[in-house]
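Right, one structure below, let's go through it.
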């Protein structure tokens, strides 16, 4: 690159963080690495931010931009366009750098010109700036699964590569760097430095707090990348195993949730998806079969399930195999086997399609729906209980515990059941609490009714 005036462009994006931004600016100016420029973009703040920022307007290392509120990704692209650095890094106005952050990140990325981005571990701090814990990131040699993305902020990115990737997608109003992450892992190396080099403030105003919107945005990012790659349009055979009232008289399967039976919720979602070639409901309950044939006619397939296979303690594998073999027999075309539970009425079409997109994009053998477990778990060690995870100030992302929600499982056609030893790479669909909500009890059903009526 020509006419570089700095090795690194640091930019700070700010919106109404007047009480924090001074600390962020000072953390840049106090870096041991001095070959940098600093761009400060105030995105239409209405607090005292301008008064704080104006204190630095005579500093020759700093360029200041005041603009009407335009959103984070537009601000990101403005910084990218103005950047004169070989590398670029964003610092959010409510966070701050360790004094050695730029020096360490720069030395790391300079070692290999194939590295597209490098990112560190970090301290999580509360609103007052007190350390809550340390988060240690994955140390990637190669990204092969849907791993935790690098932070959108405090990640040093090769400017040339980022421009080649088209910068930031301005149609996404809320994201955490996932768009850039997905683009980069497909073409360039990424690297983690297992040192905490910035302070990530946790408070009610943090962009990353809204899990539902964040996951939805990630799903859309993944979909667009799949579409851009023009990957072969592959579809799944959806199988819904139902024991029915003949085996479980207390089943909620045909009990109305809102205006339709519980079972219908899952079927209707699958029928709306372009990723599903056919839906099979397999059950030993003839009443359910009769109901479905009347309700859906030829839109779905009903398959009579042997009562012996519907027992409470009987593994589901043989039922799945019989359903798959039946689909092949009647010449249904499919690339994936998609299992879905009827007990999760709040699953969405996006959940269904994202699970298949994950399988395809990351070339996994299987994808399961999961929910992160943040509670403390213990196990016996002979001297009482000890924590399963390290809860003493260090949180390791690679040791995070996830709960299989049981709502979605999708595998490639060649795998018929979970016990197949050839299944090696398991990807995960992160769901929010609503999508993963499972109805097993009367209380669960009551809660679902309240959620549906927006009383919860």
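Considering only residues that are at pLDDT below 90 and touching a helix residue (DSSP H, G or I) at 6+ places or on another chain (Cβ under 6 Å), look in segment 431-456 and name the one that is farthest from residue 259 (Cα to Cα). For segment 431-456, the residue satisfying everything is 432. The number of residues in segment 342-369 being within 17 Å of the chain's Cα centre (by Cα) and outside any strand (DSSP E or B) comes to 18.
Do we find that residue 428 is out of contact with any strand residue (DSSP E or B) (no Cβ under 7 Å at 6 or more places or on another chain) and at pLDDT 70 or above in this structure? Against the criterion (out of contact with any strand residue (DSSP E or B) (no Cβ under 7 Å at 6 or more places or on another chain) and at pLDDT 70 or above), residue 428 does not qualify. Looking across segment 108-145, the residues that are farther than 22 Å from residue 20 by Cα and at pLDDT 85 or above come down to 108, 109, 110, 111, 112, 113, 114, 115, 116, 117, 118, 119.
With respect to being touching a strand residue (DSSP E or B) at 6+ places or on another chain (Cβ under 9 Å), at pLDDT 75 or above, surrounded by fewer than 18 Cβ atoms within 10 Å (Cβ to Cβ) and outside the structural domain of residue 72 (by TED's automatic domain parsing), residue 255 fits the description.
Summed over segment 246-266, the residues that are touching a helix residue (DSSP H, G or I) at 6+ places or on another chain (Cβ under 9 Å), touching a residue at least 40 places away in the same chain (Cβ under 8 Å) and within 17 Å of residue 293 (Cα to Cα) give a count of 3. Contact annotation: residue pairs with Cβ atoms under 6 Å, 6 or more positions apart or on different chains, pairing a residue in segment 96-113 that is within 25 Å of residue 202 (Cα to Cα) and assigned by TED's automatic domain parsing to the domain that holds residue 158 with a partner that is at pLDDT 95 or above and assigned to a helix (DSSP H, G or I), are 96/23; 96/24; 96/27; 97/27.
For segment 162-175, the condition holds for at least one residue, the condition being that it is at pLDDT below 80, in a loop (DSSP other than H, G, I, E, B) and either crowded, with 19+ Cβ neighbours inside 10 Å or more than 17 Å from the chain's Cα centre (by Cα) (or both).
The residue pairs whose first member lies in segment 206-217 and is assigned by TED's automatic domain parsing to the domain that holds residue 435, whose second member is modelled with pLDDT under 60 and in a helix (DSSP H, G or I), and whose beta carbons are closer than 7 Å, counting only pairs six or more residues apart or on different chains, do not exist in this structure. Listed by position, the helices (runs of 4 or more DSSP H) inside segment 1-114 whose residues that are closer than 22 Å to residue 199 by Cβ and over 26 Å from the mean Cα position of the chain (by Cα) number at least 3 are 21-29, 49-53, 101-110.
The values are calculated or read from the model by the stated rules, or taken from the named source; none is laboratory data. Since the structure is predicted, the reported quantities are computational estimates derived from the model, not experimental observations. Backbone-built Cβ (ideal geometry, glycine too); neighbour counts: all protein chains shown.
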